[in-house]
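For reference, the structure discussed in these notes is given below.
The values are calculated or read from the model by the stated rules, or taken from the named source; none is laboratory data. Bear in mind that the values here come from a model prediction, so they are computed numbers and not experimental data. Neighbour counts run over all protein chains shown; Cβ positions are idealised from the backbone, glycine included. These area figures cover heavy atoms from the full protein model, side chains too; ligands, DNA and RNA do not enter into them. Shrake-Rupley method; radii C 1.70, N 1.55, O 1.52, S 1.80 Å.
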Amino acid sequence: ISGFLSYYFSKDEGYVQLNRCIYANNVDDECLETVDISEVKVAKDYEKVCGDPLKCPYDQPDWSAEKLQTCHQLHRKFYEYRYQFEEKFFDKGNKQERIGLFKREIFLGYCRQPGSD
């Protein structure tokens, strides 16, 4: 926090700065080293690092094993939430068929191939 907010909150005795890697994780190297992905409450802008889950991205060859695993977990979580939303709010005719085989364990059948389907 900077500027006016920094001044305002520094005067508040109840102010506690939250851990960025837990409450606004963007899958950067600092957060990968300090926080396990299971502790993360909010992943922020991780699409810039891991790729947009709607585009069913390939893995990048220069990713570390830790970053690869983290991106896979975030993409899987995205599709788990999508599935839950479709089950709750869509009728049978509006649900996407989950017949895709591209990285099925991560994309849960939503992706037939990399790139926008």
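Any residue at all in region 76-90 that's hydroxyl-bearing (Ser, Thr, Tyr) and either over 21 Å from the mean Cα position of the chain (by Cα) or at pLDDT below 90 (or both)?
Narrowing region 76-90 to residues hydroxyl-bearing (Ser, Thr, Tyr): 79, 81, 83.
Filter once more, keeping what is either over 21 Å from the mean Cα position of the chain (by Cα) or at pLDDT below 90 (or both): none.
Within region 76-90 (the criterion being hydroxyl-bearing (Ser, Thr, Tyr) and either over 21 Å from the mean Cα position of the chain (by Cα) or at pLDDT below 90 (or both)), the answer is no, since none of the residues qualifies.
When only residues in region 1-20 that are in contact (Cβ under 8 Å) with a residue 12 or more places away in the chain and polar (S, T, N, Q) count, which is least open to solvent (accessible area, probe 1.4 Å)? Please lay out each step first, then the result.
Step one: filter region 1-20 for residues in contact (Cβ under 8 Å) with a residue 12 or more places away in the chain, giving 1, 17, 19.
Subsequent filtering for residues that are polar (S, T, N, Q) retains 17, 19.
Values: Gln17: 131, Asn19: 72 Å².
Once the filter is applied, the top-ranked residue is Asn19.
Kindly state which helices (runs of 4 or more DSSP H) lie completely within region 21-117 and contain at least 3 residues that are open to solvent by 60 Å² or more (accessible area, probe 1.4 Å).
Values: elements: 29-34, 47-50, 65-89, 104-107.
Ranges flagged: 29-34, 65-89.
Here is a check on your reading of the model: is Leu5 more than 28 Å from Gly115 (Cα to Cα) and outside any loop (DSSP other than H, G, I, E, B)?
On the way: more than 28 Å from Gly115 (Cα to Cα): yes; outside any loop (DSSP other than H, G, I, E, B): yes.
Criteria met by Leu5.
Quick check: is even one residue across region 39-60 over 15 Å from the mean Cα position of the chain (by Cα) and charged (D, E, K, R)?
no
What pairs come up if the first residue lies in region 23-39 and is of a type in the set (Asp, Glu), the second is part of a helix (DSSP H, G or I), and their beta carbons are under 6 Å apart, counting only those six or more places apart or on different chains?
Glu39/Ile22
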